[in-house]
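Right, one structure below, let's go through it.
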Amino acid sequence: MSKPLKLLIVEDSVAISQNIATYFEQQDAILDFAYDGEQACQLALSEYYDGIVLDIALPKLDGLGVCKVLREQANRHIPIIMLTARDTLEDKLTGFGQGADDYLTKPFALEELWVRCQALASRQAQHLPKTLTLGSGTKAICLNAERQAVKRNGQDIHLQPIAFQILKCLMEAHPRALTRSELCDKLWGDEPTNSDALRSHLYQLRKAIDKPFEEPIINTIHGVGFSLSV
């Protein structure tokens, strides 16, 4: 079973947002919503999304401005599909020029929007590096996703599958911290879980990654979440 997509829907029309939500939730998508450009930037820069559906005509900051902010400030490429009534070639070129990955004009078919979101998320996943390397000296950590292998300071580290995924998520997000809810979303999607499960896997990860070394690299940031210190 494939992991559900987590998407941010940025649309000031409640009716359109509700229509998208009804169809997308039937496809097991996990959705957040923003109704103006400033809220969209705040969510997109603080949470992890597989893609963003972004209307252009928004209060406070329009979709082109949102796209520009995300391309300048986000620490990863977030797939963006622009959703708008503006359908001229010039409008589309402007959207792509600000960093949009795809463009769909209103009115649109929900089935097509969903397929385009899936395609963008899949394309982005294929471009993620297979080997992640951070830090230096005793804090140097290397993770190979294909071989499911981890080394710290050149020393092989054996991790259980969930602990491996937690480390991978933290390395991909570095230097940004991940909240507990983000980690749970990435690990289990919308399947019910509890904080004890995450706490247990984090304990196992710390035991393997930090205990054999003088300096820990997994930080708990109270009131925020978890990050790597490398």
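The values are calculated or read from the model by the stated rules, or taken from the named source; none is laboratory data. Quantities reported herein were computed from a predicted structural model and do not represent experimental measurements. Ideal geometry is used to build each Cβ from the backbone, glycine not excepted, and the neighbour counts take in all protein chains shown.
Below, the figures for the structure above:
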| read-out | value |
| --- | --- |
| Only listed residue being modelled with pLDDT of 90 or more, out of contact with any Leu (no Cβ under 9 Å at 6 or more places or on another chain) and over 25 Å from THR22 (Cα atoms), chosen from ARG147, ARG152 | ARG152 |
| Qualifying positions in segment 145-171 - of a type outside the set (D, E, K, R), out of contact with any helix residue (DSSP H, G or I) (no Cβ under 7 Å at 6 or more places or on another chain) and under 24 Å from ASP185 (Cβ atoms) | PRO161, PHE164, LEU170, MET171 |
| In segment 45-63, the residues that are at pLDDT 90 or above and either of a type in the set (A, V, I, L, M) or surrounded by fewer than 16 Cβ atoms within 10 Å (Cβ to Cβ) (or both) | ILE52, VAL53, LEU54, LEU58, PRO59, LYS60, LEU61 |
| Residue in segment 184-197 that is surrounded by fewer than 18 Cβ atoms within 10 Å (Cβ to Cβ), modelled with pLDDT of 90 or more and among the acidic types (Asp, Glu) present | no |
| Meets criteria (under 14 Å from the mean Cα position of the chain (by Cα), surrounded by fewer than 19 Cβ atoms within 10 Å (Cβ to Cβ) and of a type in the set (Asp, Glu)) for GLU172 | yes |
| Matching residues, segment 98-122, being at pLDDT 80 or above and either closer than 19 Å to LEU70 by Cβ or of a type in the set (Phe, Trp, Tyr) (or both) | GLY99, ALA100, ASP101, ASP102, TYR103, LEU104, PHE108, TRP114, ARG116, CYS117, LEU120, ALA121 |
| In segment 1-26, residue surrounded by the fewest Cβ atoms within 10 Å (Cβ to Cβ) [restricted to those that are closer than 16 Å to VAL115 by Cβ and hydroxyl-bearing (Ser, Thr, Tyr)] | SER2 |
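Per-residue answers, yes or no, for (1) among the acidic types (Asp, Glu); (2) surrounded by fewer than 17 Cβ atoms within 10 Å (Cβ to Cβ); (3) more than 30 Å from ALA208 (Cβ to Cβ):
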{"site": "TYR103", "(1), (2), (3)": "no, no, yes"}
{"site": "ALA109", "(1), (2), (3)": "no, yes, yes"}
{"site": "LYS130", "(1), (2), (3)": "no, yes, no"}
{"site": "THR138", "(1), (2), (3)": "no, yes, no"}
{"site": "GLU146", "(1), (2), (3)": "yes, yes, no"}
{"site": "ILE157", "(1), (2), (3)": "no, no, no"}
{"site": "PRO161", "(1), (2), (3)": "no, yes, no"}
